[in-house]
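For reference, the structure discussed in these notes is given below.
Readers should treat all values here as calculations from the given coordinates under stated rules, not as data from a laboratory. Computed from a prediction, not measured in an experiment: that's the story for all the values here. Note: ideal-geometry Cβ built from the backbone for every residue, glycine included; neighbour counts use all protein chains shown.
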Ligand code: RFL
């Protein structure tokens with residue numbers, strides 16, 4: 001069997017590429033290790049930038065999102081025992097959208113499979129890629145129903161299988177460089193079955209460690225607590241989590257935190273990588289498969305969508321009009337935004353974690369950086385631009 005494009009991974013990147021291809025009548029196959037039910041419920045990101053929502057909308061993929069997502073126009077820093085509201089909406093007229101990733105994935109799968117008639121195989125095992133340097137690569141996988149290995153030839157492979165996928169390892173050795181950065185910091189990522197404690201994102205920059213709150217829905221709220229990397233979530237029973245969140249987030253004049261049962265508790269080690277170029281022969285990497293950005297600045301999903309728009313459009317131009325310019329420029333066009341967001345995440349990491357580094361000098365410079373956001377309009381404008389992802393033309 002032959003397909004124009006085989007897409008490995010049904011996350012936001014893979015499903016967006018699939019939808020763009022199907023809208024142009026390009027035949028493709030999506031291969032996913034998990035079940036459809038599982039990916040529709042997997043909790044992760046929730047903050048989507050305005051340009052990304054407009055990109056989805058232009059491709060007919062934002063109908064439900066625009067009906068149900070909440071625009072957010074402010075965040076609040078809490079440090080030195082005080083709250084400091086940062087109204088980036090007032091400053092720039094811009095906003096973020098809060099829309100939980102499982103809802104976005106549910107919309108994208110429905111549109112791809114049920115509306116645009118795309119083919120997807122869920123629950124596959126053992127995906128392998130062959131012949132990527134030739135003009136007829138192939139992909140094989142073990143089909144869950146039969147246990148048989150199936151082989152599909154194709155023109156292009158889209159590697160959209162996330163940070164733990166297999167496609168990144170299939171690049172031709174020596175032609176691709178992976179740049180890595182390790183923050184040496186862990187975050188305990190929590191989902192609480194409780195309404196948000198404040199109407200906006202909270203960043204607690206405390207000498208005992210960072211704590212954050214991100215509203216997800218009226219019923220569910222995400223919290224983060226800085227912890228040692230590799231820490232065991234079992235070290236964080238309910239009482240300890242809420243005591244630590246209160247210590248790091250509660251300040252004078254703010255309502256107490258709204259507690260609730262913790263429905264997710266996992267430790268994320270803060271690290272980044274960037275694969276350069278994001279292309280090897282006929283394999284094009286997109287999203288977390290190509291680059292991981294620690295969730296410090298909530299940028300990963302946005303970068304995945306940016307790649308997917310460029311890759312989907314470039315594949316359509318190549319396969320329907322013979323124009324290979326988009327594919328030739330794909331990696332460089334993605335990487336400009338990737339490096340910009342990586343740099344912002346690194347800058348923001350110091351803002352979040354610097355006061356807890358155990359170094360009075362870093363604590364001093366971090367507090368100066370925090371105060372500058374509220375005393376210098378230029379510093380505030382620069383932060384707002386990067387936070388919203390509107391900083392540069394890429
Ligand atoms: P995904 O979403 O990981 O999807 C990859 C898909 O590939 C499948 N897969 C395979 N399929 C076939 N064969 C294989 N060998 C396979 N191996 C894996 C997987 O099952 C999966 O379905 O990657 P994609 O599409 O690149 O999307 C990236 C985003 O999911 C990710 O960047 C964000 O979730 C990061 N992130 C956040 N990003 C934001 O922009 N804003 C946020 O607020 C935000 N919060 C977060 C986050 C990530 C988190 N975690 C869990 C790392 C919060 C958390 C806790």
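Of note:
- Volume per residue of the convex hull around the Cα atoms, evaluated for region 354-393, comes out as 77 Å³.
- Potential lengthening of the chain between residue 374 and residue 232 amounts to 47.5 nm, from the contour at 0.36 nm per residue minus the alpha-carbon distance.
- The distance linking region 120-172 with region 216-234 is 33 Å (Cα centroid to Cα centroid, whole angstrom).
- Cα principal axis extents for the chain, largest first, Å: 65, 42, 42
- When the convex hull of its Cα atoms is viewed from all sides, region 262-344 shows a mean projected area of 6.5 nm².
- Each label was represented as a point 7 Å from its Cα along the Cα-to-Cβ direction; for residue 254 and residue 332 these points are 4.5 nm apart.
- Whether region 111-190 is rounded, prolate or oblate, judged on the alpha carbon gyration tensor where a/c under 1.5 counts as rounded: oblate
- From its DSSP helices (H runs of at least four residues, each -39,500 (n - 2.57)), the chain gives a residue-normalised ellipticity at 222 nm of -11000 deg cm²/dmol.
- The Rg/Rh ratio of region 1-66, with both radii computed over alpha carbons and Rh defined as the Kirkwood radius, is 0.99.
- One decimal place: the segment residue 180-residue 343 gains 57.4 nm when fully extended, by the rule 0.36 nm per residue minus the C-alpha distance.
- Taking label positions 7 Å along the Cα-Cβ direction at both residue 163 and residue 34, the computed distance is 1.4 nm, reported to one decimal.
- Region 36-67-region 296-373 distance, computed between alpha-carbon centres (Å): 18 Å
- Applying D = kT/(6 pi eta Rh) to region 22-175, where Rh is the Kirkwood radius over alpha-carbon pairs, T corresponds to 25 °C and eta to 0.890 mPa s, the Stokes-Einstein value obtained is 132 µm²/s.
- Size descriptors for region 67-117 (Cα atoms only): Rg and Dmax, in that order, 17.0, 55 Å.
- Percent of Cα pairs in region 168-257 per distance bin of 5 Å, from zero to the largest separation: 3, 12, 21, 20, 14, 8, 6, 6, 5, 3, 1, 0.
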